[in-house]
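The values are calculated or read from the model by the stated rules, or taken from the named source; none is laboratory data. Because the structure is predicted, anything quoted here is derived from the model rather than measured. Neighbour counts are summed over all protein chains in view; Cβ atoms, including those assigned to glycine, are modelled from backbone coordinates with ideal geometry. Surface areas here come from the heavy atoms of the whole protein model, side chains and all, with no ligands, DNA or RNA. Shrake-Rupley method; radii C 1.70, N 1.55, O 1.52, S 1.80 Å.
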Amino acid sequence: MNVIEVQNLRKEYGRTIAVDNISFNVQQGEIFTIVGPNGAGKSTTVESIMGLRQPDQGTIRVLGLDPQKDEQELRQRIGIQLQEAALPDRLKVWEALNLYSSFYEKTVPWEKLLNDWGLTEKRNTHFKNLSGGQKQRLFVALALLNDPELVFLDELTTGLDPQARRATWDAVRAIRDQGKTVVLVTHFMDEAEELADRIAIIDQGNVVALDTPGALIQNLHAETRVRFTTYNGYDPQQLRTVAGVTDVEQRGKQVIVQGNGALLAHVATALAEHNVTPTDLRVEQANLEDVFLALTGRSIRN
Amino acid sequence: MNALRKMTWVEFKLTIREPIATFFTLVFPVLILFLFGSIYGNEPSEFLGGRGNVDNSVPGYIAMVIATTGMMSLPIGLATYRELGVLRRYRATPLRPLTLLGARIIVHTLISVIGSAVLLMAGVLVYDMALPVNIPAIIVAFLLGNVGFLAVGFLLASVLPSANTATAVGMALLYPMLFLSGAGLPREILPDNLVAIGNFLPLTHVVDLLKDVWYSNTWSVTPIAVIVGMTLVAGAVSVRMFRWE
């Protein structure tokens, strides 16, 4: 079942085309991730889906509703965590949850969310005195207050330290595991790869690819690399005859074997036959950054 | 209704937690009352039409409270919320704009009521000031002026892009008005040309209405028409111009 249907979405700001022509569907219960560089049109797309922006062209249905016409009903049923949002500086954590509860017809007890998101000790802290991670957790808690069927998370982990990011990722999976549909917007490819059931890669206002992370990487047909440290008396160039190997490169003591298929297994077998047992045998596979590079000719970081 | 109640309570607590912001509304007018009270006392004066200085000034000081709330507290508060992204977050909920507006109106009115009550108590207790001839009538006049200036405040909040511009524009409009309208200084001491300019200022009409009702429960058409007109125009424009972000 499609929770979101977007067809031929277009949005211009003056002479700038923020979204050119975007279509996709989001299925119930998945983590659908929209990735792309800053300014690709990700936020404009999701803000059109939420009904915060009016598209110039295209049709959008969310939970069977029109985000422009059925704004009130839609807001009751979805949860939103936004970029560049804030609460009043001196509003306390519990006051925010209590206040936002009063906006919805149906809510879960906010004390439970306070606990679920590790904010119980911060319940009397002013918003401005929270850390970046605590603020984000509070915003996620606010987005879950109405027990939404569909949750939007926009650049959730920007500005968080690695530990807080990992914890947040676990939490996002927990939201999905409750049966909710999650739309995650990010410019971090590792985050998309980690969390997404399906990924839409957006570049310059268009969807350039849409699939599962695994399929996107597989379709790249990129070669796998196996690395290890050389042994004395063993010439790694012998590995060129192993099935699937296309290249063997030596960089000082490092050996890099490139190839396709079950490369690691074949290389390891070949090494074992020569009684070579490196302890640092590693396999490196293509990732979403490589996918983006292959699709757009540019690195996502630039 | 629940949302309005909670929003009002939260906004009230937030106001209390930023005491500096309400200092000028609540304390400044009282300081002026004591300053001029200590200089001129409250003896009846022919120059002031037979009234004492304090009797003659307090309705104007109350108008000052109303104008400061409307032209400073309200637009700066809303512009700050917009700048920080507080309004953007509210917009992502089913909260209706009127609920936020209603809560703000209640809280700002309450602050103005407190400011006016403090002035009234200081005037009566320290200078034996004459009370208004009709208490319900002066409350109605107060609320009318208050709504007029809150509408102006919403207009400023709607058209001004940031908290800094709201502060600058609010001050630039408010301060000359305080001197020319009879709110901060008796207009009796102003030269004719400044009195003439003052006739075009909305605050002058709030001062006039408050004084008329305070001393004799007189309701003149001109101030009422000006305040009602100002409320309708500012209200209509701000509803059209208001932006969440």
Translational diffusion of segment A:52-108, µm² s⁻¹ [Kirkwood Rh, Cα pairs; Stokes-Einstein; 4 °C; 1.567 mPa s]: 95
Accessible-area value, residue A:126, 1.4 Å probe, nucleic acids and ligands omitted, Å²: 40
Residues of type aspartates and glutamates that residue A:253 reaches as a straight line, Cα spacing below 19 Å, ignoring anything fewer than 8 places off in the same chain: A:235, A:280, A:284
Estimated FRET transfer efficiency when R0 is 45 angstrom, pair residue A:120-residue A:206 (beta carbons, to 0.05): 0.50
Proximal charge balance of residue B:166 [Cβ under 12 Å; K/R count +1, D/E count -1]: 0
Choice from A:36, A:233, A:261 with maximal GNM fluctuation in chain A (Cα, 10 Å cutoff): A:233
Shape box of segment A:128-235 [Cα atoms, principal axes, largest first, Å]: 65, 34, 30
Estimated [θ] at 222 nm from DSSP helical runs (n ≥ 4, -39500 (n - 2.57)) normalised by residues in chain A, nearest 500: -9000 deg cm²/dmol
Pairwise label distance in nanometres, residue A:222 with residue B:39, each label 7 Å out on the Cα-Cβ vector: 7.8
Principal axis box of segment B:181-233, alpha-carbon based, largest edge first, Å: 30, 28, 17
Accessible surface of segment B:1-95 [probe 1.4 Å, protein heavy atoms]: carbon and sulfur percent: 69
Interface area, B with A, accessible, probe 1.4 Å, both sides summed, Å² nearest 100: 2600
Solvent-accessible ranking of A:117, B:9, largest area first, probe 1.4 Å: B:9, A:117
Neighbourhood charge, 9 Å Cβ-Cβ cut-off, centred on residue B:13 and excluding it, Lys, Arg +1 and Asp, Glu -1: +1
Radius of gyration, Dmax [chain A; alpha carbons; angstrom]: 23.6, 75
Selected from B:21, B:166, B:92 as most flexible by GNM, with chain B as the system and alpha-carbon contacts under 10 Å: B:92
Point-to-point label distance, residue B:189-residue A:232, nm (Cα→Cβ direction, 7 Å offset): 10.2
Hypothetical label at residue B:13: residues of segment A:103-126 whose amide nitrogen lies under 12 Å (7 Å Cα-Cβ projection): A:123-126
Estimated translational D of segment A:189-264 in µm²/s (Stokes, Kirkwood radius over Cα pairs; 37 °C; 0.692 mPa s): 220
Percentage of interatomic Cα-Cα distances in segment B:76-235 larger than 22 Å: 50
List A:169, A:94, ordered by accessible area with a 1.4 Å probe, largest first: A:94, A:169
Shape of segment B:35-94, Cα gyration tensor, a/c cut at 1.5: prolate
DSSP beta bridge pairing in the protein assembly as shown, given as percent antiparallel to the nearest 5: 65
Computed FRET value (nearest 0.05) for residue A:27 with residue A:254, which takes r as the C-beta separation and R₀ as 41 Å: 0.40
Where labels lie 7 Å past Cα in the beta-carbon direction, separation of residue A:190 and residue B:244 in nm: 3.4
Fluctuation leader among A:270, A:141, A:171 - chain A, Gaussian network, Cα springs under 10 angstrom: A:270
1.4 Å probe accessible area per residue over chain A, in Å²: 46
Protein accessible area in chain A, 1.4 Å probe - carbon and sulfur %: 43
Accessible area in square angstrom per residue, chain B, 1.4 angstrom probe: 45
Taking only Cα atoms of the protein assembly as shown, radius of gyration then Dmax in Å: 32.8, 118
Cα-derived Rg to Rh of segment A:72-142, Kirkwood definition: 0.94
Violating pairs (Cα-Cα greater than 19 angstrom) within the set A:135/B:13; A:92/A:112; A:112/B:13; A:42/A:106; A:92/A:135: A:135/B:13; A:112/B:13; A:42/A:106
Accessible area in the full protein assembly, largest first, 1.4 Å probe, for A:231, B:215, A:104: A:231, B:215, A:104
